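Since the structure comes first, as structure tokens, the remarks are kept for the end.
The values are calculated or read from the model by the stated rules, or taken from the named source; none is laboratory data. Predicted, not measured: the structure shown is a model, and the values here were computed from it. When we count neighbours, we look across all protein chains shown, and the Cβ atoms used for this are built from the backbone with ideal geometry, even at glycine. Calculation scope for accessible area: heavy atoms of the full protein, side chains included, ligands and nucleic acids excluded. Shrake-Rupley method; radii C 1.70, N 1.55, O 1.52, S 1.80 Å.
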Amino acid sequence: MKKLDIFFLATVGLASVAQAADLPTKKGGDQPAGKPDCFASLWNWLNSSASDCPLSYAGITLYGALDVGAGYFSQGSAFTPSSDKLVYGIQKYSTGSRWQPTYNALSTSVVGIKMIENLAYGWSLIGLVEAGVNPYSGMLDNQPRTLADNNPRPTGKWPYQTSNFDGSRAGQWDNSQGFVGFSNPVYGTITFGRTNSLSFDALPAYDPVTSIAFSPLGFSNSFPGFGDTVTVRPNTAFTYRLTYQNFRAAAQGQVGGYAIGNGTNGMYQGQLGADFGPLSLDGIVSWAKDAASLSSFSGANIAELGHTGQWFVNVNNAYYYPNTVLKATLSNNLGVELLAKYKWNSVTLYGGYIYARLSNPTDDYLTGFPTVAEGIFIPPGSWSKGVYANAAITDNAYNINKVLQTFWTGAKWSVWDNLDVSAGFYYQSQNDYNFTVSQKDATVAAACTGTGINISSGKCAGSQDAVSLLVDWRPVGRVDVYAGVMLSNVYGGLANGFLNAQNYDPAAGIRIRF
């Protein structure tokens, strides 16, 4: 168990003891004034909110969410037990229409505990541990594991790839968040541990179709991750937040690197925001060093060792079990996120812009390194003709900087207090950073040929877009019944290597929170 884990559990225990000493004495059937009798019946519990009727004792609150449903995919893929979602947006390996049970379409199914213990002079001790769970398999969400599971599976060939994604949820018991800290209404809140990045935390409030299945911003964390999904949850970060009147500010700094569960070797973010009546604005800037984008070998380098019947991944003339290794592309990432929304009567209008610039990393790590998932690593390189190289690591993908620009707009109409209808349009462009290296080791721009999924390189200029619609009905306090659809498309360089360029995913489901 990591030192941070032990520290958090010890803190929770001490808080429980301290709170227990201050528990009021009252009859078991007494109900605080103004509070509903939440547990008198199942209906009472369902019709209450989590804040009105928390599952709390001695300063500790248990909470969670379960999200399941059914849907159709024009170009989908099979279920993976450790994946946190299905292929709601078009992916390289998406192939074949299918009906299938869905999950986490509105939000991730999670279970967690949080604590707050009042101290003195307005200060409180706070903490939180939360894990995302696949509601059908019961497994902790583990995105790098989904990539490793598909190492033996080539794209577009039998056996077809199952749903797989890069990401920061990696099978940890705190794969969402796990932090402790102190909070004061005047001096702000400071925490340390595994936490959401500022850019990831701010985004849902400015997404018109906040969801995983029906919004590209929710489906792929590469948007708030400024080109890399793993950066949205630093594992060892200090985060400070301060609110003054209608203004807010925040700062975040990651300490440590790959060796202690981070997907970068340093990440720093700052945020400023404000509310002016019905108008809300937020801006975030970000810098990440040596961000690691993980990928599967996808059937490449798979070989049988001798005549054992056991297949391995051959990397740098060494053999590894397929479920233990991945490839990585490293980069330094600069990002800016600008967010706005305006509420007019029952309608809220949304808009946003994200700029991401990816350049070659500061360090190449050709000797390999651990990923954010325990037991999965980037294998070391080897010497060949006097040169040490590593086929599993790409450290020169951005001799010409890659620039991604994302825009979106949309609206949410609150038809009733418990019924919302949302729609949104999302667009991302990629510059042409295609290049070759001349005999004199000079970077030379390379011409792009072909179109669509047959374009010559993923580094060519390209784009992707999506149109989304969501209806969310809350018949009782803890339940959402929803239906929606997202039409997603890829073009140019962003379509390179794809089997298909479009997917639509009508789905309906139910989410229950406790």
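Which of the residues spanning segment 93-102 are in contact (Cβ under 8 Å) with a residue 60 or more places away in the chain and in a strand (DSSP E or B)?
The answer is 102, and nothing else.
Would you mind listing the strands (runs of 3 or more DSSP E) fully within segment 312-402 where at least 1 residues are open to solvent by less than 20 Å² (accessible area, probe 1.4 Å) and either closer than 20 Å to residue 217 by Cβ or aliphatic (A, V, I, L, M) (or both)?
Counting at least 1 such residues, we get 327-344, 347-359.
So how many residues does segment 462-493 have that are without any contact (Cβ under 8 Å) to a residue 60 or more places away in the chain, open to solvent by less than 50 Å² (accessible area, probe 1.4 Å) and hydrophobic (A, V, I, L, M, F, W, C)?
Going through segment 462-493 one residue at a time, the tally reaches 1.
Filter segment 36-61 down to residues that are outside any loop (DSSP other than H, G, I, E, B) and in contact with a strand residue (DSSP E or B) (Cβ under 7 Å, 6 or more places away or on another chain) and give me whichever is modelled with the lowest pLDDT. Break it down into steps so the answer makes sense when it comes.
The initial filter retains those residues of segment 36-61 that are outside any loop (DSSP other than H, G, I, E, B), namely 42-46, 55-57, 60-61.
The next check asks that each one be in contact with a strand residue (DSSP E or B) (Cβ under 7 Å, 6 or more places away or on another chain); those that pass are 46, 55, 60-61.
Working: 46: 83, 55: 88, 60: 93, 61: 94.
Filtering segment 36-61 for residues that are outside any loop (DSSP other than H, G, I, E, B) and in contact with a strand residue (DSSP E or B) (Cβ under 7 Å, 6 or more places away or on another chain), the one modelled with the lowest pLDDT comes out as 46.
Could you pull out the residue among 89, 64 that is in a loop (DSSP other than H, G, I, E, B), open to solvent by less than 20 Å² (accessible area, probe 1.4 Å) and under 25 Å from residue 201 (Cβ atoms)?
On inspection, the qualifying residue turns out to be 89.
Evaluate segment 242-260: report whether one residue or more is of a type in the set (A, V, I, L, M), in contact with a Pro (Cβ under 8 Å, 6 or more places away or on another chain) and surrounded by 18 or more Cβ atoms within 10 Å (Cβ to Cβ).
In the first step, residues of segment 242-260 are kept if they are of a type in the set (A, V, I, L, M); the result is 242, 249-251, 255, 259-260.
Among the residues that remain, those that are also in contact with a Pro (Cβ under 8 Å, 6 or more places away or on another chain) are: 259.
From what is left, the residues that are surrounded by 18 or more Cβ atoms within 10 Å (Cβ to Cβ) are none.
No.
Among the residues of segment 419-434, count how many are modelled with pLDDT of 95 or more and either more than 23 Å from the chain's Cα centre (by Cα) or of a type in the set (Phe, Trp, Tyr) (or both). Show your work before the answer.
Kept after step one, since they are modelled with pLDDT of 95 or more, are these residues of segment 419-434: 419-433.
Filter again for either more than 23 Å from the chain's Cα centre (by Cα) or of a type in the set (Phe, Trp, Tyr) (or both), leaving 419-421, 425-427, 431-433.
Adding up the residues that qualify gives 9.
Which one of the conditions (1) at pLDDT 95 or above; (2) touching a helix residue (DSSP H, G or I) at 6+ places or on another chain (Cβ under 6 Å) does residue 452 fail to meet, given that it meets all the rest?
Evaluating residue 452 over (1) at pLDDT 95 or above; (2) touching a helix residue (DSSP H, G or I) at 6+ places or on another chain (Cβ under 6 Å) leaves (1) as the failure.
Within segment 347-378, how many residues are closer than 20 Å to residue 146 by Cα and charged (D, E, K, R)?
1
Restricting to segment 454-478, count the residues that are out of contact with any Leu (no Cβ under 6 Å at 6 or more places or on another chain), part of a strand (DSSP E or B) and not hydroxyl-bearing (Ser, Thr, Tyr).
Counting residues in segment 454-478 that are out of contact with any Leu (no Cβ under 6 Å at 6 or more places or on another chain), part of a strand (DSSP E or B) and not hydroxyl-bearing (Ser, Thr, Tyr) gives 8.
Go through (1) within 28 Å of residue 294 (Cα to Cα); (2) surrounded by 15 or more Cβ atoms within 10 Å (Cβ to Cβ) and name the single condition residue 423 misses.
(1)
Kindly indicate whether residue 269 is more than 24 Å from residue 401 (Cα to Cα), open to solvent by less than 60 Å² (accessible area, probe 1.4 Å) and of a type in the set (S, T, N, Q).
no
Is it the case, given these coordinates, that residue 12 is modelled with pLDDT of 85 or more, open to solvent by less than 60 Å² (accessible area, probe 1.4 Å) and either at positive phi or of a type in the set (A, V, I, L, M) (or both)? Steps first, please.
Numbers: modelled with pLDDT of 85 or more: no; open to solvent by less than 60 Å² (accessible area, probe 1.4 Å): yes; either at positive phi or of a type in the set (A, V, I, L, M) (or both): yes.
So residue 12 fails the test.
Residue 131: farther than 28 Å from residue 469 by Cβ, touching an Asp or Glu at 6+ places or on another chain (Cβ under 8 Å) and at pLDDT 95 or above, yes or no? Break it down stepwise before answering.
Values: farther than 28 Å from residue 469 by Cβ: yes; touching an Asp or Glu at 6+ places or on another chain (Cβ under 8 Å): yes; at pLDDT 95 or above: yes.
Answer is yes for this residue.
Conditions (1) within 18 Å of residue 227 (Cβ to Cβ); (2) without any contact (Cβ under 8 Å) to a residue 40 or more places away in the chain; (3) among the aromatic types (Phe, Trp, Tyr), marked per residue:
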position: 274; (1), (2), (3): no, yes, no
position: 277; (1), (2), (3): no, yes, no
position: 281; (1), (2), (3): no, no, no
position: 287; (1), (2), (3): yes, no, yes
position: 291; (1), (2), (3): yes, no, no
position: 294; (1), (2), (3): yes, no, no
position: 309; (1), (2), (3): no, yes, no
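Somewhere in segment 136-157, is a residue surrounded by fewer than 22 Cβ atoms within 10 Å (Cβ to Cβ) and farther than 29 Å from residue 310 by Cα? Can you show your working first?
First, the residues of segment 136-157 that are surrounded by fewer than 22 Cβ atoms within 10 Å (Cβ to Cβ): 136-140, 149, 152-157.
From what is left, the residues that are farther than 29 Å from residue 310 by Cα are 136.
Checking segment 136-157: at least one residue is surrounded by fewer than 22 Cβ atoms within 10 Å (Cβ to Cβ) and farther than 29 Å from residue 310 by Cα.
For segment 433-461, give me each residue that is charged (D, E, K, R) and exposed (fewer than 15 other Cβ atoms within 10 Å of the Cβ). So that I can check it myself, show each step before the final result.
Looking only at segment 433-461, we keep the residues that are charged (D, E, K, R), and these are 440-441, 459.
Of everything in segment 433-461, those that are charged (D, E, K, R) and exposed (fewer than 15 other Cβ atoms within 10 Å of the Cβ) turn out to be 440, 441.
What number of residues within segment 32-61 satisfy the criterion of being open to solvent by less than 60 Å² (accessible area, probe 1.4 Å) and among the aliphatic types (A, V, I, L, M)?
Qualifying residue count for the region: 4.
Looking at (1) crowded, with 24+ Cβ neighbours inside 10 Å; (2) out of contact with any strand residue (DSSP E or B) (no Cβ under 7 Å at 6 or more places or on another chain), which one does residue 96 not meet, given that it meets all the others?
(1)
Applying the selection to segment 193-209, what residues are in contact (Cβ under 8 Å) with a residue 40 or more places away in the chain and open to solvent by 20 Å² or more (accessible area, probe 1.4 Å)? Give the steps one after another, and end with the answer.
Let us first name the residues in segment 193-209 that are in contact (Cβ under 8 Å) with a residue 40 or more places away in the chain, namely 193-195, 197-199, 202-203, 205-209.
Selection gives 205 alone.
Filtering segment 70-86 down to residues that are open to solvent by less than 10 Å² (accessible area, probe 1.4 Å) and over 16 Å from the mean Cα position of the chain (by Cα), which residue is nearest to residue 172 (Cα to Cα)?
Going through the qualifying residues, I end up with 80.
Within segment 494-504, identify whether any single residue is touching a residue at least 24 places away in the same chain (Cβ under 8 Å), in a helix (DSSP H, G or I) and either surrounded by 20 or more Cβ atoms within 10 Å (Cβ to Cβ) or touching a helix residue (DSSP H, G or I) at 6+ places or on another chain (Cβ under 9 Å) (or both), and answer yes or no. Give the derivation first.
Here is the first cut: in segment 494-504, the ones touching a residue at least 24 places away in the same chain (Cβ under 8 Å) are 494-504.
Okay, now just the ones that are also in a helix (DSSP H, G or I), so 494-495.
Restricting the remaining residues to those that are either surrounded by 20 or more Cβ atoms within 10 Å (Cβ to Cβ) or touching a helix residue (DSSP H, G or I) at 6+ places or on another chain (Cβ under 9 Å) (or both) gives 494-495.
Yes, because at least one residue in segment 494-504 is touching a residue at least 24 places away in the same chain (Cβ under 8 Å), in a helix (DSSP H, G or I) and either surrounded by 20 or more Cβ atoms within 10 Å (Cβ to Cβ) or touching a helix residue (DSSP H, G or I) at 6+ places or on another chain (Cβ under 9 Å) (or both).
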